[in-house]
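J.: Supplied in structure tokens, the structure appears directly below.
The values are calculated or read from the model by the stated rules, or taken from the named source; none is laboratory data. Bear in mind that the values here come from a model prediction, so they are computed numbers and not experimental data. Cβ sites come from the backbone with ideal geometry, for glycine too, and all protein chains shown count toward neighbours.
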Amino acid sequence: MSSWRWNAILAEFFGTFLFFFIGMAAVASAGDRTLVAFAHGLALAVMVSALGAVSGGHFNPAVTLGLWLATRMTGRRALAYILAQLIAAIAAAAMIGYVFNSPDAIKVNVPALGTGIDAVRGSVIEAIITAGLLVAVFGTAVDPRAPRTIAGLGIGLAVAAGVLGAGSLTGGAMNPARWFGPAVMSGDYTNLYVWIAGPLGAAVVAVIWRLFFLPEADAQTGADV
């Protein structure tokens, strides 16, 4: 791989690690949903703004899958990004366990279903809120007409909104890697497909954008697809 690709993969690793560590620390120390929502949202906004120019600032396998489906990246690069994100998630969860000196700090960070929410409903909820995140990604960062100066803010706010709206229902993960790290470190894989199938299923947004919105944008900007 060329050096810029390695730089992008490293950016995905470090951005994902910092995003998750800050968010997990808020869960372990505060627990208040509003604080947790804004810790995740602000951390993501900063990481996207800081590292977006290097890697695109995905930090989420659902986003990477969406960009691949929209033909905005190769399958090889998408796979490398996802592996970096998953490894970073494990590293962030391990660091949370170390700094808090408690396995409970990891366990509390594994997303869980709320009262009355079964796995199917949970998957639907995760798909919907992840779709909202992907709309923010494509609308502020991917579309050639996008106002990229607000991409980090828009994407961070989408995550904060998702946590605020669905945190009590599914944990509001919107990110398979956010579930994966603490699940691996705690050994808790309960209802695992909720946080895999739900967010990844939302990648259909990328197909819709690719088919119905991007052709018009590319025609307006003269971009080559």
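J.: Residues in region 88-112 that are under 17 Å from ASP32 (Cα atoms), more than 21 Å from the chain's Cα centre (by Cα) and of a type in the set (A, V, I, L, M): how many? Before the answer, list the steps.
T.: We begin by selecting, within region 88-112, every residue under 17 Å from ASP32 (Cα atoms); these are 104-112.
Then drop every residue that is not more than 21 Å from the chain's Cα centre (by Cα), which leaves 104.
So of that shortlist, the ones also of a type in the set (A, V, I, L, M) come out as none.
Total meeting the criteria: 0.
J.: Please pick out the residue among LEU42, LEU35 that is in a helix (DSSP H, G or I), out of contact with any Gly (no Cβ under 8 Å at 6 or more places or on another chain) and not basic (Lys, Arg).
T.: Going through LEU42, LEU35 in turn, the sole match is LEU35.
J.: Restricting region 145-200 to residues that are in a helix (DSSP H, G or I), surrounded by fewer than 19 Cβ atoms within 10 Å (Cβ to Cβ) and small (Gly, Ala, Ser), which is farthest from the chain's Cα centre (by Cα)?
T.: SER186
J.: Filter region 59-88 down to residues that are surrounded by 18 or more Cβ atoms within 10 Å (Cβ to Cβ), among the small types (Gly, Ala, Ser) and more than 11 Å from GLU12 (Cβ to Cβ), then give me how many there are.
T.: Count: 3.
J.: Run down ILE22, ILE82 and say which single residue is part of a helix (DSSP H, G or I) and more than 19 Å from THR130 (Cβ to Cβ).
T.: Checking each option against the conditions leaves just ILE22.
J.: Run down LEU133, LEU113 and say which single residue is modelled with pLDDT of 95 or more, closer than 22 Å to MET24 by Cα and outside any helix (DSSP H, G or I).
T.: After applying the criteria, what remains is LEU113.
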